[in-house]
Each structure stands twice: as C-alpha cells, then as structure tokens.
Amino acid sequence: MEGNMGQPQKASNQANNTAKVQSSASSFKRWGRKYPFIRYGLPMISLTVFGAVGLGHLLQGSKDIARVKDDQEWEIIETRKALSRTGPVDAYKPKKISLEEELKVL
C-alpha cells in the first residue's frame, strides 16, 4: 500500500515544482515589462563596467610586457657597451695628429 501512496505524492510534488518554476519564470518575465531598467539598463551598465575592467587588465598586461622588453634591451645595451673607468669602451678614440700633417694641410 505504501508503494501506491508514494507514487501519487511524487507526481503531485513534481507538478507543484513545475508550477512554481513556471510562476517564477512568468513573474521574472513580468519584471522586464514592469521595470524597463532591469531589462535594458542593468545589462548595459554591467556591460560597461565589466568592459572597462577587462580593458584595464589588458592594458596593464601590455604595459608589463613592454616594461620587461625595455629592461631586457637595456641589459643587452649595458653588456654590449662594457663600461670601463673612463666610460664606454671604444666610445672616443682621438686621432693621432702630427705637426707635419697639419703643415701639409696648410
């Protein structure tokens, strides 16, 4: 007898659950007609805010990458131009000028 009693209760519970879901869905649909801000304004504001946050993250990432590249390039330049006590090696080489060459030019 209990088996027969359980099945109708399950069916009635399922019917009640579906009725609740349908009524909540219809009330949710009514919100869009009753309050246009919920239908149009809220999605627009959320799109704007989340879009701004996403763009901020993308820009920050590109700035970080650019900074790392600049640091790497600076290290390469420093190692290439090994600094001595007087300054960069091979940066300034004065010409050896003799008096005879100067007199020939005049």
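No value in this document is a laboratory result; all are computed from the given coordinates. These numbers come from a predicted model, not from an experiment. So basically every Cβ, Gly included, is an ideal-geometry build from the backbone, and we count neighbours across all protein chains shown.
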Expected unfolding gain across Ser27-Ile45 under the 0.36 nm per residue rule, minus the alpha-carbon gap, is 4.2 nm
Here, Glu78 and Glu100, labelled 7 Å along Cα→Cβ, have an inter-label distance in nm of 4.8
For Leu55 and Asp70, extending 7 Å from Cα along the Cα-Cβ vector and measuring point to point gives, in nm, a value of 2.3
Here, Tyr35 and Lys93, labelled 7 Å along Cα→Cβ, have an inter-label distance in nm of 8.0
